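*Asks:* My questions will all concern the structure given below.
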Amino acid sequence: MAEQRTVLITGASRGLGLASAIHLYQRGWTVVAAMRSPEPGLARLRAETVAPQNDPRLLGIRLDLTDPASITAAAATVLERVGAPYALVHNAGISAAGMVEEAPPELWERMFATHLLGPVALTTALLPAMRAAGRGRIVLVSSAGGVRGMPGIAPYSSAKGALERWGESLAGEIAPFGLGVSILVTGTYDTDIITDAGTTDDRDFAGPYARLHESTDRRGRFAIRFARPPQRFAAGLSKALDHRGPFRRRAVGPDARMLLLAARILPPSGMHQMSRLAMGLPRHGALRGGPVRVTASRRAMITAARVLPAPAMQRIAVLAMRFAPQPSAPEGPKPDSDTHA
C-alpha cells in the first residue's frame with residue numbers, strides 16, 4: 001500500500017497556495033492548509049475539491065507568520081493532528097510596490113517576517129519531528145525577485161533573496177538526516193496577490209521616481225496579460241515534492257526558466273542592462289538634475305511616433321515647422337529725437 005503523505009501549505013487561502021492545496025488533495029495527499037482566516041478558507045477549499053465536511057485529508061489551521069505565538073500554536077496543532085508532515089511548503093507571501101526611498105520601515109519588517117523570519121520559526125518548530133521521521137521535503141516558493149534584486153520592489157526582492165540563501169544553508173544541515181530542500185523560482189501567474197488587503201502600494205507618481213513608475217507600471221500591466229493560471233504552478237509543485245536529492249533549485253514557468261538561464265550566462269552588468277531594458281528604465285545618468293516633465297503635446301508626439309510609419313512622421317514634422325510662429329527680427333537702435341538727418 002502506498003504511503004499516505006501529508007503536506008503543510010502556508011498561504012493556502014488564495015492564489016498559488018489555494019491551487020496547490022486543491023491539486024495535491026485531488027492526487028491523494030493529506031493537505032493541511034495554513035491561513036490567517038481558516039474558516040472561510042477551508043470552506044472555499046471544500047467547495048473547490050467537493051470534499052466531505054469532516055474529511056481527515058483536508059484540514060485548516062490558523063497561521064499568521066508575523067505573530068510568533070500563532071506560529072508556535074500552528075506547529076503544535078500540526079504535530080497533534082497529523083504528526084510530522086512529509087512536506088512543508090512555504091508559499092505565503094505579500095507584495096509591495098515602491099522605490100527604496102518610498103518604502104516605510106514597517107513594510108520591510110512585515111516583508112521579512114512573512115517571507116523569512118516566520119518560515120524559519122515554523123520550520124524550526126517542525127524539524128525535530130521531521131528529522132525523527134527520516135524523510136521529507138521543505139519547499140521554498142521564490143520568484144524572479146529572488147534571483148536578482150528588481151527595482152521598485154526592493155523589500156520583496158530582498159526577502160526572497162534571503163529566503164533562497166537560507167534554503168541553501170538549511171539543505172546542507174538537514175541532508176544527513178534524509179531531508180531535502182527545493183527552491184521553486186516562479187514565473188508570472190494570474191493570482192490576486194496584488195489586490196490582497198495585505199499588500200501595499202507606496203509609489204509616488206508625482207515624485208522624483210515618476211518616470212520609472214510610469215515605465216514599470218506599463219510594462220507590468222502588459223506582462224500580466226501573459227500570466228499563466230495558478231493550476232500550472234500546482235503541477236510544478238507536485239513534481240518538486242517527488243524530488244529525492246538533498247537540494248534542488250527549479251524554475252516553474254517559461255519566463256522563470258529564461259531568467260535563470262540568463263543569470264547563469266550573463267555577468268552582473270549584463271543582467272543589470274537586461275533588467276533595465278525589460279522594464280523600460282532610463283539609462284545611467286539620464287535623470288540628473290531631476291526628471292524631465294513630458295507635456296501633453298510631447299506625449300502625443302511620442303505615441304504617434306510609435307504607431308505611425310516614418311514617412312508620415314516626417315511630413316508631420318515638416319508641417320509643424322511650416323506653421324510654427326517665426327521669431328521676430330531684432331529691432332535696431334531708435335534715432336535720437338534731437339538729431340536731424
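The values are calculated or read from the model by the stated rules, or taken from the named source; none is laboratory data. Worth saying up front: this structure is predicted, and the values here are computed from it rather than measured. Glycine gets a Cβ as well: all are built from the backbone with ideal geometry, and neighbour counts include every protein chain shown. For accessibility, only protein heavy atoms count, side chains too; no ligands or nucleic acids. Shrake-Rupley method; radii C 1.70, N 1.55, O 1.52, S 1.80 Å.
*Asks:* So, restricting to helices (runs of 4 or more DSSP H) that lie completely within the stretch 192-284, which ones have at least 3 residues that are farther than 23 Å from Ala97 by Cβ and within 16 Å of the chain's Cα centre (by Cα)?
*Replies:* In the stretch 192-284, the matching helices (runs of 4 or more DSSP H) lie at 254-265.
*Asks:* Of all the residues that make up the stretch 86-128, how many are open to solvent by less than 30 Å² (accessible area, probe 1.4 Å), more than 25 Å from Thr191 (Cβ to Cβ) and assigned to a helix (DSSP H, G or I)?
*Replies:* Going through the stretch 86-128 one residue at a time, the tally reaches 2.
*Asks:* Turning to a different aspect of this structure: Check off (1) assigned to a helix (DSSP H, G or I); (2) open to solvent by 50 Å² or more (accessible area, probe 1.4 Å) for Gly149 and give me the number that stays unchecked.
*Replies:* Status for Gly149: all satisfied but (1).
*Asks:* Here's a follow-up. Return a yes/no flag: does the stretch 75-85 have any residue that is under 30 Å from Met150 (Cβ atoms), touching a residue at least 40 places away in the same chain (Cβ under 8 Å) and among the β-branched types (Val, Ile, Thr).
*Replies:* No - not one qualifying residue is present in the stretch 75-85.
*Asks:* Continuing with this model, one more query. If Ile174 passes every condition in (1) among the β-branched types (Val, Ile, Thr); (2) more than 20 Å from Pro254 (Cα to Cα); (3) open to solvent by 40 Å² or more (accessible area, probe 1.4 Å) but one, which one does it miss?
*Replies:* Ile174 satisfies every listed condition except (3).
*Asks:* Something else: Identify all residues within the stretch 130-143 that are open to solvent by 30 Å² or more (accessible area, probe 1.4 Å) and assigned to a helix (DSSP H, G or I); write none if there are none.
*Replies:* Arg131, Ala132, Ala133
*Asks:* Taking into account only those residues within the stretch 17-70 that are of a type in the set (Asp, Glu) and more than 25 Å from the chain's Cα centre (by Cα), which is nearest to Met111 (Cα to Cα)?
*Replies:* Glu39
*Asks:* Same structure again: Return the residues of the stretch 225-238 that are closer than 21 Å to Val147 by Cα and open to solvent by 60 Å² or more (accessible area, probe 1.4 Å); say none if nothing qualifies.
*Replies:* Phe226, Arg232
*Asks:* Among the residues of the stretch 296-309, are any modelled with pLDDT of 90 or more, surrounded by 10 or more Cβ atoms within 10 Å (Cβ to Cβ) and either among the hydroxyl-bearing types (Ser, Thr, Tyr) or under 30 Å from Phe233 (Cα atoms) (or both)?
*Replies:* Checking the stretch 296-309: not a single residue is modelled with pLDDT of 90 or more, surrounded by 10 or more Cβ atoms within 10 Å (Cβ to Cβ) and either among the hydroxyl-bearing types (Ser, Thr, Tyr) or under 30 Å from Phe233 (Cα atoms) (or both).
*Asks:* Another question, if that's okay. From Gln4, Gln53, Gln26, grab the single residue that is without any contact (Cβ under 8 Å) to a residue 60 or more places away in the chain, of a type outside the set (A, V, I, L, M, F, W, C) and under 17 Å from Arg137 (Cα atoms).
*Replies:* Gln4
*Asks:* Now for a separate question. What are the residue pairs meeting all of these: first residue in the stretch 137-162, first residue under 26 Å from Ala87 (Cβ atoms), second residue among the acidic types (Asp, Glu), Cβ atoms under 9 Å, and 6 or more apart or on different chains?
*Replies:* Arg137/Asp242; Leu140/Glu164; Ser142/Glu164; Ala144/Asp255; Gly146/Glu164; Val147/Glu164
*Asks:* Please indicate, with yes or no, whether at least one residue in the stretch 8-19 is assigned to a helix (DSSP H, G or I), of a type in the set (S, T, N, Q) and either touching a Gly at 6+ places or on another chain (Cβ under 7 Å) or open to solvent by less than 10 Å² (accessible area, probe 1.4 Å) (or both).
*Replies:* So far as the stretch 8-19 goes, no, none of its residues is assigned to a helix (DSSP H, G or I), of a type in the set (S, T, N, Q) and either touching a Gly at 6+ places or on another chain (Cβ under 7 Å) or open to solvent by less than 10 Å² (accessible area, probe 1.4 Å) (or both).
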